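Note sheet for the following structure.
The values are calculated or read from the model by the stated rules, or taken from the named source; none is laboratory data. A quick note: this is a predicted structure, and the numbers were derived from the prediction, not measured. Cβ sites come from the backbone with ideal geometry, for glycine too, and all protein chains shown count toward neighbours. These accessible areas exclude ligands, DNA and RNA; they are computed on the full protein's heavy atoms, side chains included. Shrake-Rupley method; radii C 1.70, N 1.55, O 1.52, S 1.80 Å.
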Amino acid sequence: KLKAGLKKISAERIHQEMFKLLVAPRAVQTMKVMAATGVLKFIIPYTDDWRTVQRLPDDPLLRIFALAKKPEHLKERLRLSNDEGERIEGLGVAPDISPRLRPQEQHAMLYHLGVQTWSDTVYLNRAKGRASLSDVKWQALLDLPQNWPIPKLPITGKDLLQAGVASGPAMGQVLRNLEDWWVAN
């Protein structure tokens, strides 16, 4: 009866309470009741992909991302922190990850995405898929950041200056080209 009153509650408070609900016991059942009663639509435009949400770990950010129809609006709508917003942005642009990727592709993607976005994306793709949550191939993807330390590009702008490359936009392009070649090899 009072769901329209949610418009009067601050986004920060809604954020706090939703994140608590999303990791509470029977979180998905609670979200389904909120959807059925029309409460959830006052909070976010949502999908009904309950299976994916259910298969995610107890991480409210991953769950709200999977639940949101337009996850790119979550930062503003729920007044997410900068770190939370960066996670949402990372998930929004990350390519699909699956066990079908060759090891070199996995390493290149992990290098470019970073550990947090890699892990978030693997969890989300695994939850959307049909494989068991205990599938060893998916677990290997989740374990990759611990088993393969992300290397650091061994060349810096300082090295290029010493090699005679002039500073400026051209140097940045040379460095990006070298990095692309290095990652590919």
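For the chain, set up a GNM with springs between Cα atoms under 10 Å and report which of V33, V23, V174 has the largest fluctuation.
V174
Between R130 and N147, what is 0.36 nm times their sequence separation minus the Cα-Cα distance? Round to one decimal in nm.
3.6 nm
Once every DSSP H run of n ≥ 4 in the chain is given -39500 (n - 2.57) and the sum is divided by its residues, what mean residue ellipticity at 222 nm do you get, rounded to the nearest 500 deg cm²/dmol?
-17500 deg cm²/dmol
Taking R0 as 25 Å, what FRET efficiency do you get between Q54 and A140 from their Cβ-Cβ distance, rounded to the nearest 0.05?
0.65
What net charge do the residues around R51 carry, taking every other residue with its C-beta under 13 Å from that of R51, with Lys and Arg at +1 and Asp and Glu at -1?
Numbers: positive: K32, R55, R63, R126, K128, R130; negative: D48, D49.
Neighbour charge sum, excluding R51 itself: +4.
Do the alpha carbons of any pairs in K8/K75; K32/K137; K1/K128; K70/K152 sit beyond 23 Å of each other, and which pairs?
Where the Cα-Cα span goes over 23 Å, the pairs concerned are K32/K137; K1/K128; K70/K152.
Could you check the spin-label model distance between A36 and K20? Points 7 Å from the Cα along Cα→Cβ, value in nm.
Result: 2.4 nm between the two label points.
Working out 0.36 nm times the residue gap between W182 and R100, then minus their Cα-Cα distance, what length gain in nm do you get to one decimal?
27.3 nm
Per residue, how large is the accessible surface of region 67-137? Use a 1.4 angstrom probe and give square angstrom.
Per residue, region 67-137 has 59 Å² of solvent-accessible surface.
Grab the other residues whose beta carbon is less than 15 angstrom from that of D96, score K and R as +1, D and E as -1, and report the net.
Here the count lands on +4.
Under a 1.4 Å probe, what is the accessible area of region 1-55 per residue, stated in Å²?
I get 64 Å² per residue for region 1-55.
Quote to one decimal, in nm, the extra length available between A108 and V165 on full extension: 0.36 nm per residue of separation minus the C-alpha distance between them.
Length gained between A108 and V165: 17.9 nm.
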